[in-house]
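Below: one structure, written as structure tokens.
The values are calculated or read from the model by the stated rules, or taken from the named source; none is laboratory data. Only a predicted model underlies this, so the values are computations on that prediction, with no experimental measurement involved. No Cβ is skipped: glycine too gets one built from the backbone with ideal geometry, and neighbour counts run over all protein chains shown.
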Amino acid sequence: MRIFSIVFSIFVVVIGVVFAVKNSVGVNVDFVVYQGSAPLSLALILAFALGALFGVIVCFIVILKLKRTIYKMEKTHQLELKENALTKSKFNTHQEAD
């Protein structure tokens with residue numbers, strides 16, 4: 001498994017170097033806080049990284065909302081179980097009295 005990870009890492013680095021060399025032409029970048037020229041490969045990598053970061057943030061927010069919903073549902077379920085047990089004990093006590 002270690003050999004596979006080393007080979008895979010080398011493969012990714014080689015692909016990255018080839019990508020950077022093939023896309024080294026300068027492009028104009030006009031961003032909110034930055035205006036200038038940058039290599040195309042850098043602009044593409046930064047755009048991909050920012051998109052991935054925003055995607056992770058959105059997924060994190062959704063996961064937190066779902067966890068909060070699960071917590072509330074579990075709490076409600078526990079209360080219902082306690083109420084059910086109390087009702088059963090009252091019912092059994094009532095039946096024993098008859």
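Quick check on my filter: what residues within the stretch 22-42 are part of a loop (DSSP other than H, G, I, E, B) and basic (Lys, Arg)?
Once the filter is applied, which keeps residues that are part of a loop (DSSP other than H, G, I, E, B) and basic (Lys, Arg), the stretch 22-42 yields nothing.
Among the conditions (1) in a helix (DSSP H, G or I); (2) modelled with pLDDT of 90 or more, the only one that His94 does not satisfy is (2).
Scan Ser41, Ser9, Ser24 and give me the residue that is surrounded by 10 or more Cβ atoms within 10 Å (Cβ to Cβ) and either of a type in the set (D, E, K, R) or at pLDDT 90 or above (or both).
Details: Ser41 fails: either of a type in the set (D, E, K, R) or at pLDDT 90 or above (or both); Ser24 fails: either of a type in the set (D, E, K, R) or at pLDDT 90 or above (or both).
From the options Ser41, Ser9, Ser24, the qualifying one is Ser9.
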